[in-house]
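Peer 1: Below you will find the structure I want to go over with you.
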Amino acid sequence: MHTILRKTLKYFIWLALNVTTIGAIILLIAVANFVNKLPPIAELLDDRKRGSVTLLDRKDDVFAWRGNQFGGILKSKDLNRFLHDAIISVEDRTFYSHYGVSIRGILGAIRINLREGRGPFSGHGGSTITQQVAKILCLLQGDTNSQKHCRRSTISRKLLEIPFALALEYAYSKEEILSIYLNRVYLGSGAYGFEAASERYFNKQSSKLSMGEAALLAGLLKAPTRYSPINNKDLSHARALTVLKIMKDQKSISIADFEKAARSLPKIEKNSINNVGSYYADWVMQDAPQEITKQSKEDIIIRTFFDPKIQNAVDDTIYSFLKTEIMSGSKAQIAVVVMSAEGRVRAMSGGRPSEKIPGQFNRAYQAKRQPGSAFKPFVYGAALDLGLSPNTVISDEPVTIMFGKNKYKEYTPKNYNNSYLGPVTVEEAFSKSINTVAVKLGSQIGINRVKTLAKELGINTAIPSEPSVALGSSEVSLLELTTAYASILNNGKKINSKGWRDLRIKETDEVIIREGSEQGFQVFSKLAAQALKYLMFSSVETGTGKNASVSDWQIAGKTGTSQSFRDAWFVGFSSNYVIGVWIGNDDNRPLKNVNGGGLPAKIFSSIMTKISSDIVFKKKIAMVSPNQFDTLRVYDETATKFLFQSQDELDSKQKNSSLIGGLIRALLWGN
C-alpha cells in the first residue's frame, strides 16, 4: 500500500512538472508572439479611425463635438496626482508590483461573482490595468470575429489576456502601460481618454482637476454610461464618494482630505454641449468639406456663426407651441432656420427639440417639401423686375392655362376659399395671396423667368416648367427658401447661407480653409426688390401674415400652405434677421387646422420677439411703396399694356431698354 501511494505521488509530481513545463513553453511562445506584434508605444496612445471635430459658437465657446473626442496625448508622468491616486486605488492598487496578472484578483472576482449568483466570469473581472489594456488593444485589432471574441467574458478570452498582459509588461514600462490606459479607455459621452473626459465634463485640462473631480472621473471606469454625470448626477456623485472612501482606506488621502472632498463634490450643471445646437452641428458637418470633417485623422476645430441664445429662444418657442397649440398625440414636426441679414445662420431646428440625437434627420435642410404660396415672391419679383407696377389692376377670376409643347395640357388654379374678387391691384393680390393672379403673372412673364430668379436667389432643388410652379408645387428645403428670402432682404443681391467661419487643426491652430466672403451678384434690380419687400410688408400688415407681426418692428414675409394642407410655412424678416418656419408630418399626412398664416406665423413672431428684444436701434426695412415704384421704374408704358404683350415683343423690349434701364438704375440706386 505504501509503495502504491509513493508511486502514485511520484506519477503526479512527474505529470505536474511536465504539464507545467509544457504550459510554460506554450505561455512563453505566446508571450514572444505578442511581443513581436506590439508596435512602438507612440502608435498605441491614439488609434482612432478618424479624428474628432470640435464646434465653436460665434463667441468661440464649445457647443458640440463629433467623432471620437480625444483631448490630446496624456503621459502618466504628467498625470494629476489626485487622478493618478484615484485610478490606481479603484482599478489596480498593486499595479506597480505585479507583472501584468493578479491571480489573487481573478480568484477574488470569481468568488464574488459566484456569491452574487452570476457566472464565474460575469460581472467582476479582477483584471489588472495591464489586462484591461490588453483587452483594449485586442478589441482594436484583427478581424470582426476576433473583435467579437475580445468582447466576450469567456474563459478563453480571459486566458488570452494572460500572455498578452505579460507581453505588455515585457515590452513596455509601467509608465507606458498606464499612458496607454489613460488615453484609450472610454469614459462616456464620446470621450476617449481622461484628457477628453476632463474637457467633456468639466471644461478644463486634467492637470487642473480637484480631488472630487478626479474621483468622479475615476468612478466612470466601472460603467461610463451609467455613472456619467450628464446622465445621472446623483449616481455619479455616489460613485465618486465610493472612490474617495477607497482612497481613504488605502491611505492615498488623509481623513481630512476625504471629508473636504466629500463636502465639495463637483456640481455638474446640465451640460449644453451636444445638446443645444445638435441640428446645427449636423448641418455644418455636412456643409463643410467632407474630406476634412469625416475622413481626416486630425482633430479639427470648426468656428461657426451659431448663437446659443437664439437657439434657446427657438427651442423654447417650439416646446411651448408643441405643448399648447399642437394636438395631443400629433406627430407633426416643426423646423426653424434663423439667419442674420448677411446670411449667417444663427440657429437651426430640424424637428422636435427633444429629438437631439447627433445624425438625426434634419428637416431644416434635408426635407424637400412644397412651399405653396411662400414661392409667390419669386413670381412677383420677376414681374416687378420687368416693370410691373404694384398698382396694376388684374382681374381675379377663374382662369385656365394651356401649357406643354407637343401635347397641350390644361391647368385651372383655384383660390384658397374658391371665391373670386374681380379687379384687384397687384399689391392686394399679393397681400391676400390670390392664386389666380399669381398664375396669370407667372404665365404672362414666362415660368422660365420665375425659375431663373428662384434659382439665382438660392433655390437649388429642380423646378419644373409648369404653371403650377407659381403656387409652389415644386419642392424646396426650408434652408433654401430662407436663404432666398435673405437675398430679397438684401435688395436683390445673392446671399449664401453660412454656417462655418473656418476649419483649423486643433494641435497647431493652423487654419485649413476659411468661409468665402465674396460679394453676391445682383440677381434682380434693387428697385424691384424694394417694391417686393413692400408687398411682403403689406402681407404682414393687412394680409395673410398678420400673425407674424412684432410690436414696434417692420416685418415682411409670406405665408405658404401646400396642397391638402400637408405643409404650412411662414418665412419673413426684419431688418436684422430672416426666419423660416415649416410645420408638417414626416409621412406627408395633412395637418389639421394648420395653415401658413396660423401656427408658423405665430412661431415666427414669438421667436423674432425674443431674439430682437435687446436691439435698441430698430432699423427699418429698405422698401419703396407702389407710388414710389411708379415714379422710379424704368418703363414708361403702363404695366397692364406691358403684361399683355407677346413673349417675343417682351424679350425685344427688354433687350432694347436694358442699356437705358441700367443707366437709370446706376444713377438712382447705385447698381
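Peer 1: Looking at (1) under 24 Å from ILE177 (Cα atoms); (2) at pLDDT 65 or above, which is the one condition that is false for THR54?
Peer 2: Exception for THR54: condition (1).
Peer 1: Please determine, by comparing only the residues of the stretch 390-411 that are polar (S, T, N, Q) and surrounded by fewer than 18 Cβ atoms within 10 Å (Cβ to Cβ), which one is farthest from VAL439 (Cα to Cα).
Peer 2: ASN406
Peer 1: If you go through the stretch 257-272 one residue at a time, do you hit one that is closer than 23 Å to ARG504 by Cα and either outside any helix (DSSP H, G or I) or within 22 Å of the chain's Cα centre (by Cα) (or both)?
Peer 2: Yes, the stretch 257-272 contains at least one residue that is closer than 23 Å to ARG504 by Cα and either outside any helix (DSSP H, G or I) or within 22 Å of the chain's Cα centre (by Cα) (or both).
Peer 1: Also, I was wondering about something else. Mind listing whichever residues of the stretch 348-379 are of a type in the set (Lys, Arg) and either outside any helix (DSSP H, G or I) or modelled with pLDDT under 95 (or both)?
Peer 2: ARG352, LYS356, ARG363, LYS368, ARG369
Peer 1: Scan LEU235, LEU217 and give me the residue that is within 24 Å of GLN132 (Cβ to Cβ), surrounded by fewer than 23 Cβ atoms within 10 Å (Cβ to Cβ) and assigned by TED's automatic domain parsing to the domain that holds ALA196.
Peer 2: Just a single option satisfies the conditions, and that option is LEU235.
Peer 1: Looking at (1) crowded, with 20+ Cβ neighbours inside 10 Å; (2) modelled with pLDDT of 80 or more; (3) not basic (Lys, Arg); (4) not assigned by TED's automatic domain parsing to the domain that holds LYS135, which is the only condition VAL31 fails?
Peer 2: Among (1) crowded, with 20+ Cβ neighbours inside 10 Å; (2) modelled with pLDDT of 80 or more; (3) not basic (Lys, Arg); (4) not assigned by TED's automatic domain parsing to the domain that holds LYS135, VAL31 violates only (2).
Peer 1: Within the set of pairs 6+ apart or on separate chains, which have a first residue in the stretch 291-318 that is outside the structural domain of PHE604 (by TED's automatic domain parsing), a second that is in a helix (DSSP H, G or I) and among the basic types (Lys, Arg), and C-beta atoms under 8 Å apart?
Peer 2: ALA313/LYS610; ASP316/LYS610; THR317/LYS610
Peer 1: Within the stretch 178-190, is there a residue that is at pLDDT 90 or above, within 39 Å of the chain's Cα centre (by Cα), small (Gly, Ala, Ser) and crowded, with 18+ Cβ neighbours inside 10 Å?
Peer 2: Checked the stretch 178-190: at least one residue is at pLDDT 90 or above, within 39 Å of the chain's Cα centre (by Cα), small (Gly, Ala, Ser) and crowded, with 18+ Cβ neighbours inside 10 Å.
Peer 1: Taking ASN415, is it farther than 30 Å from SER296 by Cβ and not in a helix (DSSP H, G or I)?
Peer 2: Taking the combined requirement at face value, the residue satisfies it.
Peer 1: Restricting to the stretch 599-619, give me the number of residues that are at pLDDT 95 or above and of a type outside the set (S, T, N, Q).
Peer 2: The number of residues fulfilling the criteria is 10.
Peer 1: Which is surrounded by fewer than 11 Cβ atoms within 10 Å (Cβ to Cβ), more than 22 Å from LEU160 (Cα to Cα) and not hydrophobic (A, V, I, L, M, F, W, C), of THR21, THR8?
Peer 2: THR8
Peer 1: Taking GLU456 as the residue in question, decide whether it is crowded, with 19+ Cβ neighbours inside 10 Å, modelled with pLDDT of 95 or more and either more than 25 Å from ASN576 (Cβ to Cβ) or not hydrophobic (A, V, I, L, M, F, W, C) (or both).
Peer 2: no
Peer 1: Return yes or no: is ILE434 surrounded by 21 or more Cβ atoms within 10 Å (Cβ to Cβ), of a type in the set (Val, Ile, Thr) and at pLDDT below 95?
Peer 2: When the stated conditions are applied, ILE434 does not pass them.
Peer 1: Hey, another quick one. Quick one: is ASN585 surrounded by fewer than 24 Cβ atoms within 10 Å (Cβ to Cβ) and either within 23 Å of LYS494 (Cβ to Cβ) or in contact with a strand residue (DSSP E or B) (Cβ under 8 Å, 6 or more places away or on another chain) (or both)?
Peer 2: Criteria met by ASN585.
Peer 1: Let me ask something else. Determine, yes or no, whether ILE495 is in contact (Cβ under 8 Å) with a residue 24 or more places away in the chain, outside the structural domain of THR425 (by TED's automatic domain parsing) and either touching a strand residue (DSSP E or B) at 6+ places or on another chain (Cβ under 8 Å) or at negative phi (or both).
Peer 2: no
Peer 1: Could you pull out the residue among GLU515, GLU466, GLU507 that is of a type in the set (Asp, Glu), touching a strand residue (DSSP E or B) at 6+ places or on another chain (Cβ under 8 Å) and touching a residue at least 60 places away in the same chain (Cβ under 8 Å)?
Peer 2: Of GLU515, GLU466, GLU507, the one residue that is of a type in the set (Asp, Glu), touching a strand residue (DSSP E or B) at 6+ places or on another chain (Cβ under 8 Å) and touching a residue at least 60 places away in the same chain (Cβ under 8 Å) is GLU466.
Peer 1: Kindly indicate whether any position in the stretch 190-208 is in a helix (DSSP H, G or I), farther than 30 Å from HIS98 by Cα and of a type in the set (A, V, I, L, M).
Peer 2: Checking the stretch 190-208: not a single residue is in a helix (DSSP H, G or I), farther than 30 Å from HIS98 by Cα and of a type in the set (A, V, I, L, M).
Peer 1: Right, something else. I need every pair where a residue in the stretch 387-400 that is in the same structural domain as ARG633 (by TED's automatic domain parsing) has its Cβ under 6 Å from the Cβ of a residue that is in a loop (DSSP other than H, G, I, E, B), sequence separation at least 6 or different chains.
Peer 2: GLY387/ARG633; GLY387/TYR635; ASP396/TYR420; ASP396/LEU421; ASP396/ILE434; GLU397/TYR420; THR400/THR412
Peer 1: Could you say which residue among VAL284, VAL345, VAL337, VAL314 is assigned to a helix (DSSP H, G or I), among the β-branched types (Val, Ile, Thr), surrounded by 14 or more Cβ atoms within 10 Å (Cβ to Cβ) and touching a Gly at 6+ places or on another chain (Cβ under 9 Å)?
Peer 2: VAL284
Peer 1: Right, next: Just one of (1) farther than 30 Å from SER207 by Cα; (2) among the aliphatic types (A, V, I, L, M); (3) at pLDDT 65 or above trips up ILE112, so point out which.
Peer 2: So ILE112 meets the others, but not (3).
Peer 1: Another question about this same structure. Could you look through the stretch 133-177, keep only residues that are over 34 Å from the mean Cα position of the chain (by Cα), assigned to a loop (DSSP other than H, G, I, E, B) and at pLDDT below 85, and pick out the one that is nearest to SER52 (Cα to Cα)?
Peer 2: So the residue we want is ARG152.
Peer 1: A further question on this structure: Between a first residue in the stretch 196-219 that is under 14 Å from VAL62 (Cα atoms) and a second residue that is at pLDDT below 90 and among the β-branched types (Val, Ile, Thr), which pairs have beta carbons less than 7 Å apart while being 6 or more apart in sequence or on different chains?
Peer 2: Taking only residues 6 or more apart or on different chains, the pairs are TYR201/ILE268.
The values are calculated or read from the model by the stated rules, or taken from the named source; none is laboratory data. Because the structure is predicted, anything quoted here is derived from the model rather than measured. FYI the Cβ positions are ideal-geometry reconstructions off the backbone, even for glycines, and counts take in every protein chain you see.
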